[in-house]
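**Q** Before anything else, here's the structure in question.
The values are calculated or read from the model by the stated rules, or taken from the named source; none is laboratory data. These numbers were taken from a predicted model, which means no experiment stands behind them. Quick reminder, even Gly has a Cβ in these numbers, built from the backbone with ideal geometry, and neighbours come from all protein chains shown.
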């Protein structure tokens with residue numbers, strides 16, 4: 001969001017400078033056809049850039065409004081899973097882009113999977129998982145990978161959604177694996193309060209009436225299996 005606004009400001013500043021230059025050169029009788037054409041073309045290019053980024057910024061604001069609305073109302077509604085995950089990534093991506101971290105996502109989810117649930121809670125689960133990977137599993141790195149696999153399965157003739165979340169970060173030390181869902185437990189007090197995974201488990205078990213299992217290994221990334 002900040003990046004898009006900065007681009008708009010830069011573009012508008014360039015347009016203003018070009019128009020000012022046209023006026024000065026015209027008044028000084030130094031404005032040739034070629035210079036005029038070049039300055040106008042530059043203005044047009046920057047105008048296109050500004051409008052494109054303003055549109056993208058507007059789309060992000062609308063997504064944030066829906067995201068916030070879902071968080072506040074906590075009412076269940078029907079939604080498609082894959083588009084919502086794409087929106088979550090788009091909303092929070094500045095967190096790793098600002099750190100010069102190139103994050104690659106592999107989302108294995110049928111575009112048509114639709115559920116009647118709590119989109120706000122669903123969003124919180126994924127945003128916390130992703131940010132936990134970025135802030136704790138991929139520090140001092142230039143690239144990373146996150147895989148999310150989602151499918152609907154039948155368990156005892158009841159349809160359940162199974163989510164497998166994985167990253168290729170530093171993994172989880174077996175010595176602390178039983179503490180990661182404990183409120184305020186953190187491996188780095190400088191970048192968190194130890195609430196991310198605690199909130200994830202709380203939402204999954206209490207609001208979504210599901211389960212989350214940690215089968216991560218140290219130095220081999222994280223792997224969580226969510227079922228609800």
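**Q** Scan region 90-104 for residues that are touching a strand residue (DSSP E or B) at 6+ places or on another chain (Cβ under 6 Å) and surrounded by 14 or more Cβ atoms within 10 Å (Cβ to Cβ) and jot them down.
**A** 96, 103
**Q** Report whether or not residue 142 is touching a helix residue (DSSP H, G or I) at 6+ places or on another chain (Cβ under 6 Å) and either modelled with pLDDT under 95 or within 19 Å of residue 115 (Cβ to Cβ) (or both).
**A** It is false that residue 142 is touching a helix residue (DSSP H, G or I) at 6+ places or on another chain (Cβ under 6 Å) and either modelled with pLDDT under 95 or within 19 Å of residue 115 (Cβ to Cβ) (or both).
**Q** Residue 216: over 22 Å from the mean Cα position of the chain (by Cα), surrounded by 15 or more Cβ atoms within 10 Å (Cβ to Cβ) and over 24 Å from residue 95 (Cβ atoms), yes or no?
**A** So residue 216 does not fit the description; no.
**Q** Residue 120 passes all but one of (1) crowded, with 19+ Cβ neighbours inside 10 Å; (2) at pLDDT 90 or above; which number fails?
**A** Only one criterion in (1) crowded, with 19+ Cβ neighbours inside 10 Å; (2) at pLDDT 90 or above is unmet by residue 120, namely (2).
**Q** Now for a separate question. Please work out which residue is farthest from residue 123 (Cα to Cα), limiting yourself to region 184-202 and to residues that are at pLDDT below 90 and within 19 Å of the chain's Cα centre (by Cα).
**A** If we take residues in region 184-202 being at pLDDT below 90 and within 19 Å of the chain's Cα centre (by Cα), then 191 is farthest from residue 123 (Cα to Cα).
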